[in-house]
Amino acid sequence: MYAVEFLPSAARVLSKLEPPVRRRIVRRIDRLAEDPRGDAVKLRGADDVWRARAGDYRILYQVEDDRLRILVIRIGHRRDVYR
């Protein structure tokens, strides 16, 4: 199982979301801890950045296999997260 860490900006965004949306995203992140590359997609043009869907929101993260760590870089609505 991978440990999950958040950049401060991602943690701040997560804390400001509505409770139902926050729960959905946290459940998705918990599943990522078990299998970080399961149904996620690697982003083009970025080194080792993956994206996972949680409803209309996206979770951008990096996987560090040598440390068994997932670093959540960004969380946002699908229309804004890639900008």
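For every residue, the table says whether it meets (1) touching an Asp or Glu at 6+ places or on another chain (Cβ under 7 Å); (2) loosely packed, with under 12 Cβ neighbours inside 10 Å.
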{"residue": "SER9", "(1), (2)": "no, no"}
{"residue": "LEU17", "(1), (2)": "no, no"}
{"residue": "ARG28", "(1), (2)": "no, no"}
{"residue": "ALA40", "(1), (2)": "no, no"}
{"residue": "ASP47", "(1), (2)": "no, yes"}
{"residue": "LEU71", "(1), (2)": "yes, no"}
> What single numbered condition from (1) open to solvent by 30 Å² or more (accessible area, probe 1.4 Å); (2) touching a residue at least 12 places away in the same chain (Cβ under 8 Å); (3) among the charged types (D, E, K, R) fails to hold for ARG23?
Replying inline: (2)
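Before we move on, is GLY55 within 21 Å of TYR82 (Cα to Cα), open to solvent by 70 Å² or more (accessible area, probe 1.4 Å) and without any contact (Cβ under 8 Å) to a residue 60 or more places away in the chain?
Details: within 21 Å of TYR82 (Cα to Cα): yes; open to solvent by 70 Å² or more (accessible area, probe 1.4 Å): no; without any contact (Cβ under 8 Å) to a residue 60 or more places away in the chain: yes.
When the stated conditions are applied, GLY55 does not pass them.
Residue check: is ASP39 at positive phi and either out of contact with any His (no Cβ under 7 Å at 6 or more places or on another chain) or modelled with pLDDT of 95 or more (or both)? Talk me through it step by step, then tell me what you get.
On the way: at positive phi: no; either out of contact with any His (no Cβ under 7 Å at 6 or more places or on another chain) or modelled with pLDDT of 95 or more (or both): yes.
Here the answer is no, as ASP39 does not meet what is asked.
The values are calculated or read from the model by the stated rules, or taken from the named source; none is laboratory data. Everything numeric here is computed off the predicted structure, so don't read it as measured data. Counting neighbours? That spans all protein chains shown, and the Cβs are built from the backbone with ideal geometry, glycine included. These area figures cover heavy atoms from the full protein model, side chains too; ligands, DNA and RNA do not enter into them. Shrake-Rupley method; radii C 1.70, N 1.55, O 1.52, S 1.80 Å.
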